[in-house]
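The values are calculated or read from the model by the stated rules, or taken from the named source; none is laboratory data. What you see is a predicted model; the values in this text were computed from it and never measured. FYI the Cβ positions are ideal-geometry reconstructions off the backbone, even for glycines, and counts take in every protein chain you see. To get the accessible areas, we keep the full protein, side chains included, count just its heavy atoms, and leave off ligands, DNA and RNA. Shrake-Rupley method; radii C 1.70, N 1.55, O 1.52, S 1.80 Å.
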Amino acid sequence: QVQLVESGGGLVQPGGSLRLSCTASRSISDIYIMGWYRQAPGKPRELVAYITYSSSTDYLDSVKGRFTISRDNAKNTVYLQMNSLKPEDTAVYYCNARYGGHNAWGQGTQVTVSS
């Protein structure tokens, strides 16, 4: 099973930006879908964005135009660039990989948007 490690979370003011990284323990070139989920306190985990092996992408409606997901197969890393952050984006963000019947998760990274 691939291991996923997220980084890049933190505290940011409304309107600010953060870039999350998810680095895998092996090549991601054959991983069908990699995605970012988030979970706020008292709420279910939701899919924020995903990217396929062919670099097709899709986003949660509330983040379209503000967030961008990308992948660098050479670095075994998927990124989530988050701009124009809002307090409602506050959550723990998790990286996910789906491949060959496997469903792997990272440990999560906290994003807090507050003044």
Treating each Cα of segment 26-68 as an identical point scatterer and ignoring solvent, apply the Debye formula and state log10 I(q)/I(0) at q = 0.19, 0.22, 0.25 Å⁻¹. -0.64, -0.78, -0.89
Evaluate the relative contact order of the chain (contact order divided by residue number), counting alpha-carbon pairs under 8 angstrom at least 6 apart; express in whole percent. 37
So for 52, 23, what's the accessible-area order with a 1.4 Å probe, most first? 23, 52
With 26 Å as the cut-off, how large is the P(r) tail for the chain, expressed as percent of Cα-Cα pairs? 13
With a cut-off of 16 Å, note down the residues of segment 99-115 whose backbone N falls inside the zone around a label point 7 Å from the Cα of residue 11 toward its beta carbon. 110-115
Spin-label model distance (nm) - residue 62 vs residue 115, 7 Å beyond Cα toward Cβ: 2.0
Ordering 78, 5 by accessible area with a probe of 1.4 Å, largest first, what comes out? 5, 78
Where a Cα-Cα gap under 16 Å defines reach, which lysines qualify for residue 86, not counting those fewer than 8 residues away within the same chain? 64
Tell me the relative contact order for segment 50-109 as a rounded percent, counting alpha carbon contacts under 8 Å between residues six or more apart. 20
Where does the longest stretch of the chain lie that holds no chymotrypsin sites (Phe, Trp or Tyr not before Pro) found in a DSSP loop with 15 or fewer other Cβ atoms within 10 Å? 54-115
Spin-label point model (7 Å from Cα, Cβ direction): what's the residue 99 to residue 3 distance in nm? 1.6
